[in-house]
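Worksheet for the structure shown next.
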Amino acid sequence: MRRGVKGAVIGGVCAVVLGGAGYGAYNFVSALNGDGGTGGGGPAVVKSGPPSGTEVKETAAKFFAAWEKGDASTAAGYTDFPEAARELLTAYGGDAHITKVHITPGTATGTTVPFTVRATVSYEGKSRPLGYESRLDVVRGKTSYRPLVDWQPSVVHPRLQKGDTLTTGESSTAPIEAVDRDGKVLTPQKYPSLGPILDELRKRYGDKTGGRAGVELVIRHGGAGAGETDGSGEAGSGAADTTLLTLAKGRPGKLHTTLSASAQAAAEAAVEKYADSSLVAVKPSTGEILAVANHRDDGFDAALLGERPPGSTMKIISAAALIDNGLTTANGPAPCPPSAVWQSQTFQNLKGLTPDEHATLSDSFARSCNTAFIKFADEVEVDTLTKEAQERFGLGQNNWQIGVPSFDGRVPAAGGPDTAAALIGQGQVQMSPLNMASVTATATTGTFRQPVIVPLGLDHREPAQARGLSPSTVQQLRAMMNRTATSGTAAGVMSGLSGNIGAKTGSAEADGQAKSDSWFTGYRGDVAAAAMVQDGGHGIDAAGPIVASVLRNAG
């Protein structure tokens, strides 16, 4: 039957029976295709639209019952991706050695059913109870029209993601007791943001700290994400295992980190106030990472691995490039017109910014005038910013070895409008909070010190190198950042912070977002911090308060 004819027939039937098709209506697609019947010669009637409350309850009950019995094939048959479901549910009872499963459903909300799992993990004579909460959604099958469990790995356990599996046995690495720079123990219970980092540190250094492996139920994660490295410039072999339950304790080895418990506590408290926020704090005089914090529902470590346009915080690098290439100086001309056009693309300033045709670079930097930087697009080469970022700030060469995976920044030599856009942190420029904290550290000391979270000597890592900045450029950058913090766009956020301070605000547009990302980087004494909040708005709206709070409390 031709597609157009089939549509006409279905439409005609619906018009006669119901006067139109909608949610909760019936269709005859299955009968017309010949893939179903009533046994009495009449057309099969198949429901469409969202599953009803009864269907949700019955489908969840059948799925739970099969899961409890360890019947992976039957349970998987109640999902919309049975092959993937069967594989994980088989591992649940097999490789993970999880038995005596009892599932208690909660009250459904629409098509969502929360539930509690109580089970036992047994391995070579060792047993421990396992308990957790999860949820599932029931959807209408796209071709079968049956109510089915919307398959996600998180149905089986809320911490499972695509590509993950469960296994129980002797752990692949010995446990570690990670301590901060003052010997204080760091745990994911006290510092939730450190959970993935501590897992990775264990994976890398468990065999170097004298510990002994135990027996554990773990999540074995899939391959490394894009842009992720293993700290040596090579692609990582996958994220570290996540321990869910310990059946027999190993002996942890002590791992010294550069982190500061007080700075980490301040960072955790600061990001908690804003969704999708991330921060990194470093010690400029050494490059040591003091704190890493994320507040995200997806668990992604955007602080170290994020790849986002940094907006006007990029003007630190751009200003350095203009100075180093003799195009202007802090007190030299950098006019701020109301708009600027480069290669047919028009760039605007933030709403309400008064033009100033007589502005200096310091003026335009402190006020975050976009057009002042865009006007230099005719004078810079396509690779000017790329060279500045790589040779002076150590960015974009995929060779940082901080001790865990990191994204090392990206400033490509892009032509066209992107040459101008890069000057204000847009276009193809990508950074993480780690990158921008490092940029601020380099700007304030003149020396690029590759950030580290584990001392280099532990495994004899060779850090990335860059030649850094001249004393004159450093003096000018510090003066401009101090002016920004005391009388420019960051003054309100940095108010009340004493001592040697500086900052740069930023906001960056990202595709598909109604609001811009909020960026902010700043320093106080020997602490530099940078934060990013997705959909956070202007730099002073979200990222700024996070950085200021950490600078205020990290000492």
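The values are calculated or read from the model by the stated rules, or taken from the named source; none is laboratory data. Just so it is clear, the model here is predicted, and its values are computed rather than measured. Note: ideal-geometry Cβ built from the backbone for every residue, glycine included; neighbour counts use all protein chains shown.
Note on the stretch 106-118: residues that are in contact with a helix residue (DSSP H, G or I) (Cβ under 6 Å, 6 or more places away or on another chain) and surrounded by fewer than 19 Cβ atoms within 10 Å (Cβ to Cβ) total 1. Are any residues in the stretch 428-451 within 19 Å of Leu551 (Cα to Cα) and touching a strand residue (DSSP E or B) at 6+ places or on another chain (Cβ under 6 Å), and if so, which ones? Pro433, Leu434, Met436, Ala437, Thr440, Ala441, Thr444, Pro451 - these are the residues of the stretch 428-451 that are within 19 Å of Leu551 (Cα to Cα) and touching a strand residue (DSSP E or B) at 6+ places or on another chain (Cβ under 6 Å).
Within the stretch 359-374, residues that are at negative phi reach partners that are surrounded by fewer than 24 Cβ atoms within 10 Å (Cβ to Cβ) and among the aliphatic types (A, V, I, L, M) with beta carbons closer than 6 Å, at six or more positions or on different chains, in the pairs Leu361/Ala330; Ser362/Ala330; Thr371/Ala340; Ile374/Ala340. If you go through the stretch 151-177 and pick out every residue that is out of contact with any strand residue (DSSP E or B) (no Cβ under 7 Å at 6 or more places or on another chain) and of a type in the set (Val, Ile, Thr), you end up with 2. For Thr440, indicate whether it is within 24 Å of Glu388 (Cβ to Cβ) and β-branched (Val, Ile, Thr). So Thr440 passes the test. In the set (1) touching a residue at least 40 places away in the same chain (Cβ under 8 Å); (2) touching a Ser or Thr at 6+ places or on another chain (Cβ under 6 Å), Val527 fails one condition alone, (2). What do you reckon, is Leu395 outside any loop (DSSP other than H, G, I, E, B) and over 21 Å from Leu327 (Cα atoms)? Answer is no for this residue. Listed by first and then second residue, the pairs with beta-carbon distance under 6 Å, at least 6 apart or on different chains, first residue in the stretch 539-555 and on the phi < 0 side of the Ramachandran plot and at pLDDT 95 or above, second aromatic (Phe, Trp, Tyr) and surrounded by fewer than 24 Cβ atoms within 10 Å (Cβ to Cβ), are Ala542/Tyr274. Restricting Asn398, Asn370, Asn325, Asn349 to those that are of a type outside the set (D, E, K, R) and in contact with a strand residue (DSSP E or B) (Cβ under 6 Å, 6 or more places away or on another chain) reduces the list to Asn370.
One line per residue, one yes/no per condition, for (1) among the small types (Gly, Ala, Ser); (2) over 19 Å from Glu307 (Cβ atoms); (3) in the same structural domain as Ser277 (by TED's automatic domain parsing):
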position: Pro433; (1), (2), (3): no, no, yes
position: Ala443; (1), (2), (3): yes, yes, yes
position: Gln450; (1), (2), (3): no, no, yes
position: Pro455; (1), (2), (3): no, yes, yes
position: Glu462; (1), (2), (3): no, yes, yes
position: Met481; (1), (2), (3): no, yes, yes
position: Ala491; (1), (2), (3): yes, yes, yes
position: Ala514; (1), (2), (3): yes, yes, yes
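With the structure loaded, tell me whether Ala91 is surrounded by fewer than 17 Cβ atoms within 10 Å (Cβ to Cβ), part of a helix (DSSP H, G or I) and either of a type in the set (A, V, I, L, M, F, W, C) or on the phi > 0 side of the Ramachandran plot (or both) or whether it fails that test.
Judged against the criteria, Ala91 is not a match.
With respect to the conditions (1) in a loop (DSSP other than H, G, I, E, B); (2) hydrophobic (A, V, I, L, M, F, W, C); (3) in the same structural domain as Tyr132 (by TED's automatic domain parsing), Leu148 falls short on a single one, namely (1). The numbered conditions (1) surrounded by fewer than 17 Cβ atoms within 10 Å (Cβ to Cβ); (2) on the phi > 0 side of the Ramachandran plot are all true for Asp378 except (2).
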